[in-house]
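Inspection log for the structure reproduced underneath, given as structure tokens.
The values are calculated or read from the model by the stated rules, or taken from the named source; none is laboratory data. Owing to the predicted nature of the structure, the values given are computational and were not obtained by experimental measurement. Don't worry about glycine lacking a Cβ; one is built from the backbone with ideal geometry, like all the others, and counts go over all protein chains shown.
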Amino acid sequence: MDILLLLVPAALLLVVLALGAFFWAVRSGQYDDLEGAAARALFDEDQPEDETRSR
Amino acid sequence: MDTLAAAAQALPAPGDAYRPGFVDPTAYARAGADGHSTLELAVRGAHCAGCLRKIESGLAKLPGVTQARLNLTTKKLTVSWTTGLQSPAGIARALHDLGFHSVPYDAGAEADHQRASERFLLRCLAVAGAASMNVMLFSISLWSGGDEMGAGTRGLLTWLSALIALPAIAFAGRPFFRSAWRALRVRQVNMDVPISLAVGLAVALSLFEALGGGGDTYFEAAIMLVFLLLIGRYLDLRLRGQARSAARRLAALQVAVASRIDEAGVIVAVPVREIAPGDRVLVGLGEQVPVNGVIEDGLSTLDVSLITGETAPVESGPGAAVYSGTVNLSRAIVVRATAARGDSLLAEITRLVEAGEQARSRYVKLADRAAALYVPLVHSLSAATFVGWLVFSNAGLHGALVHAIAVLIITCPCALGLAVPAVQVVATGRLFERGVLVKTGDALERLAEIDVVVFDKTGTLTAPDSLTLERGEYTPADLQCAAMVARASRHPLARALAAAAGPGPAAADVHEVPGYGVEASVDGARVRLGAPAWCGAPEGGVGATAQLWLAVAERPPVRFSFTDQVRPDARETVAALARQGLEIMLLSGDRPACVEAVAREVAISNWAAGLTPADKNARLIALRDQGRRVLMVGDGLNDAPALAAAHVSIAPANAIDASQAASDLVLQGASLAPIVETLEVARIAKRRALENLGFSAFYNACAIPLAVVGIVTPLIAAVAMSASSLIVTLNALRLASRKPGP
């Protein structure tokens with residue numbers, strides 16, 4: 001059972017990492033629009049961004 | 001004359017008055033320190049990837065725009081541009097040209113509060129989820145391999161569970177603890193009290209056992225309960241937020257026109273947002289006061305129920321302050337504006353939305369009352385379970401407490417409390433998306449019960465903007481005289497006549513008799529404009545067209561005829577309603593020849609003509625006394641009493657303010673077809689609400705005895721209780737099948 005001393009902290013560390021990633025995602029607004037991102041992925045990038053900005 | 005003609009050109013077409021225009025968002029733009037300005041707009045009609053792309057790329061092409069991003073879930077568009085290179089009005093106009101209506105988003109409190117609560121719940125949910133899975137990992141090891149482990153390992157796993165569960169519960173349980181504490185502080189109980197108590201007891205008992213070095217712990221039950229409950233809370237909050245923002249969008253789009261009186265005394269129809277402080281505005285009978293102001297001329301009765309909640313009308317005269325949203329009930333008045341529209345609009349919208357939310361349905365009241373009785377019952381039942389097990393069995397303190405906790409958890413009346421509101425939120429949210437503003441909480445319940453539909457003719461079955469004045473035997477002087485009287489009225493025929501005559505002054509001393517016409521004084525003579533009999537014309541009028549008669553003193557009355565068309569989808573809507581087994585009636589104040597023509601065109605065999613407002617009201621009361629449940633669809637001033645008397649009522653977007661105020665639902669847009677869908681949604685919603693109530697009653701009837709006799713452990717209780725809440729929410733969500741809009 002000594003292996004638990006390694007496995008349990010490892011599991012807890014992973015959980016903390018996952019939670020940290022999730023908190024970051026919530027704070028940066030990734031969960032504010034769940035539908036728009038799905039639709040936006042379908043766009044063709046037919047205008048390079050720089051061009052639209054300069055116009 | 002040239003200037004008049006030019007002014008007439010500049011005037012909106014009669015139909016424009018009813019179409020929601022675009023609102024100037026200049027006041028809502030925020031200039032940042034980095035040389036960029038930002039504007040948030042609520043966009044209506046964006047549903048799919050195509051719309052998203054059209055809007056984002058269309059706006060990005062505008063000069064100066066650096067970013068345009070549309071949130072498809074909240075329909076909120078954020079645009080940034082280099083300050084000075086672009087104007088907020090230019091952006092709104094460009095959006096309008098792309099085919100999307102927009103209104104400025106109140107960037108302040110409401111939206112931020114919703115977003116903050118959503119994020120808060122999401123964080124709690126994540127912590128509770130991660131923690132409950134890890135605690136479960138240790139608990140399952142303890143349950144399955146407990147015999148093979150040494151005491152040291154068991155202790156380690158138990159303490160690890162506590163180490164994870166305690167901080168997680170303290171963090172993620174806050175929504176429940178705070179709410180319970182708030183309720184307890186004012187000496188009340190809500191559903192969060194038994195939840196908090198159960199979680200607290202389970203944790204305390206487990207800690208006690210762990211310290212004692214053995215026995216069963218219930219950390220996993222406590223954290224799992226918090227996690228599963230948070231799922232329901234989060235879904236509920238998100239649905240409510242969406243429904244509320246859709247309601248605000250709709251309410252904000254009800255942009256009306258006001259009649260401004262310029263220096264020469266000429267009445268000009270302008271969008272309400274253009275009214276500035278100091279402007280004089282004519283508020284006709286049945287119209288809403290467009291901006292805050294002071295009465296300058298006229299004595300009238302005002303309905304202030306939307307502002308103060310006072311239902312008795314108030315007499316007001318010159319010098320009295322009036323607020324936007326007040327409905328003018330007896331005579332035309334002149335108001336001098338003291339504030340701009342923008343200042344009063346948001347407050348008005350908030351009031352409108354809140355008034356709708358507060359009017360609670362009968363089922364919600366029933367469920368609330370049941371829940372209020374239920375909470376003390378749960379506490380006594382759980383206390384009785386504890387005492388019973390302690391005294392009459394050898395389970396001991398520990399066993400008795402575990403059973404009491406299981407009872408507390410399993411009987412939380414969450415499903416009961418969610419059963420109806422969840423259905424209502426989903427149903428109204430879906431209708432908001434389709435452009436139907438649900439004004440009262442129980443409107444859908446009443447709508448589901450109807451068996452008769454009564455339509456009004458002019459402006460309801462016929463399209464309000466299709467009315468055009470025919471050439472006739474009247475002279476231009478007659479037309480100008482009639483128009484002076486007509487400008488003070490909101491009746492569709494009067495509006496069409498005023499539009500045909502162009503802008504000009506209004507008559508003084510105007511008195512409107514609903515169902516008959518308008519009386520006023522023009523150049524010292526009494527003038528009547530209205531129904532044939534009222535103006536001394538031959539009874540029944542002439543021909544089958546809509547008409548107004550003008551009677552000036554002793555001269556023979558003059559006729560104005562109008563051509564109109566029924567709404568394109570009127571026939572289809574009537575047929576669809578008839579197919580559902582509803583009886584359809586057409587009640588009109590117009591002449592029989594006209595009404596018969598329209599009745600034939602839309603295939604309604606049961607019609608009545610020549611009715612006064614009192615007759616209409618009496619017919620509805622007669623139907624009610626026969627036990628019929630009537631849906632009234634009407635728009636005019638003469639319909640307002642009937643709309644209020646009907647079991648449930650719908651007003652189209654062009655309806656006069658007094659009728660919109662009296663009705664339960666308001667349609668947006670020019671189509672009648674949403675009536676059919678609204679009825680369908682109302683019926684499904686009623687079925688879902690009853691299913692949910694039945695299910696939660698059944699759940700409680702089964703689960704409570706099991707928990708009291710000690711068959712259920714706290715963990716199973718947590719899963720069963722949360723599952724019942726989730727089932728109720730998911731059942732409600734079945735209503736939300738969102739078809740893409742037109």
Heads up, the helices (runs of 4 or more DSSP H) in the range B:74-173 (entirely inside) with at least 2 residues that are under 30 Å from B:S722 (Cβ atoms) are B:109-145, B:151-172
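Results for (1) crowded, with 16+ Cβ neighbours inside 10 Å; (2) in contact with a Lys or Arg (Cβ under 8 Å, 6 or more places away or on another chain); (3) modelled with pLDDT under 80, shown as yes or no for each residue.
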| site | (1), (2), (3) |
| --- | --- |
| B:S521 | no, no, no |
| B:C535 | yes, yes, no |
| B:G541 | yes, yes, yes |
| B:R559 | yes, no, no |
| B:F562 | yes, no, no |
| B:R579 | no, no, no |
Quick one: in the range B:401-447, of everything that is of a type in the set (V, I, T) and assigned to a loop (DSSP other than H, G, I, E, B), which residue is nearest to B:A653 (Cα to Cα)? B:T440
Is it the case, given these coordinates, that B:L329 is surrounded by fewer than 21 Cβ atoms within 10 Å (Cβ to Cβ) and modelled with pLDDT of 80 or more? no
Being facing chain A (nearest Cβ under 9 Å), in contact with a Ser or Thr (Cβ under 7 Å, 6 or more places away or on another chain) and of a type in the set (S, T, Y) is the filter here, so list the residues in the range B:62-88 that pass it. B:T66, B:T74
Picking from B:A198, B:A180, B:A172, B:A131, which residue would you name as being within 10 Å of chain A (Cβ to nearest Cβ) and buried (at least 21 other Cβ atoms within 10 Å of the Cβ)? B:A131
If only one of B:V103, B:V203, B:V189 is more than 14 Å from every other protein chain (Cβ to nearest Cβ), aliphatic (A, V, I, L, M) and within 21 Å of B:G232 (Cα to Cα), which one is it? B:V189
Those residues of the range B:592-622 which are assigned to a helix (DSSP H, G or I) and in contact with a Pro (Cβ under 8 Å, 6 or more places away or on another chain) amount to B:P613, B:A614, B:K616, B:N617
Grab the helices (runs of 4 or more DSSP H) fully contained in chain A, keeping just those with 3 or more residues being facing chain B (nearest Cβ under 9 Å) and at pLDDT 75 or above. A:4-27, A:36-40
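Could you list, in sequence order, all residues of the range B:151-165 that are β-branched (V, I, T) and either touching a residue at least 24 places away in the same chain (Cβ under 8 Å) or more than 10 Å from chain A (Cβ to nearest Cβ) (or both)?
Those that are β-branched (V, I, T) and either touching a residue at least 24 places away in the same chain (Cβ under 8 Å) or more than 10 Å from chain A (Cβ to nearest Cβ) (or both): B:T158, B:I164.
So that you can scan it fast, the table gives a plain yes or no per residue for (1) more than 17 Å from B:V103 (Cα to Cα); (2) modelled with pLDDT of 75 or more:
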| position | (1), (2) |
| --- | --- |
| B:D2 | yes, no |
| B:Q9 | yes, no |
| B:G15 | yes, no |
| B:D24 | no, no |
| B:A31 | yes, yes |
| B:L59 | no, yes |
| B:K76 | no, yes |
| B:A89 | no, yes |
Is it the case that some residue within the range B:114-121 is more than 30 Å from B:L381 (Cα to Cα), within 14 Å of chain A (Cβ to nearest Cβ), acidic (D, E) and in contact (Cβ under 8 Å) with a residue 12 or more places away in the chain? yes
Which condition number in (1) free of Cβ contacts under 8 Å to residues at least 12 places away in the same chain; (2) within 30 Å of B:L733 (Cβ to Cβ) is the one that B:S605 fails? (2)
Scan the range B:39-58 for residues that are buried (at least 16 other Cβ atoms within 10 Å of the Cβ), within 11 Å of another protein chain (Cβ to nearest Cβ) and either in a strand (DSSP E or B) or touching a Pro at 6+ places or on another chain (Cβ under 7 Å) (or both) and jot them down. B:H47
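Output the residue which, of all residues in the range B:623-657 that are assigned to a helix (DSSP H, G or I) and out of contact with any Lys or Arg (no Cβ under 9 Å at 6 or more places or on another chain), is modelled with the lowest pLDDT.
Per the stated criteria, the residue is B:A640.
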Close pairs (7 angstrom Cβ cut-off, 6 or more residues apart or separate chains): more than 26 Å from B:A49 (Cα to Cα) in the range A:18-39, of a type in the set (K, R) and at pLDDT 85 or above anywhere: A:F23/B:R123
Could you please give the count of residues in the range B:523-533 that are crowded, with 19+ Cβ neighbours inside 10 Å and of a type in the set (D, E)? 0
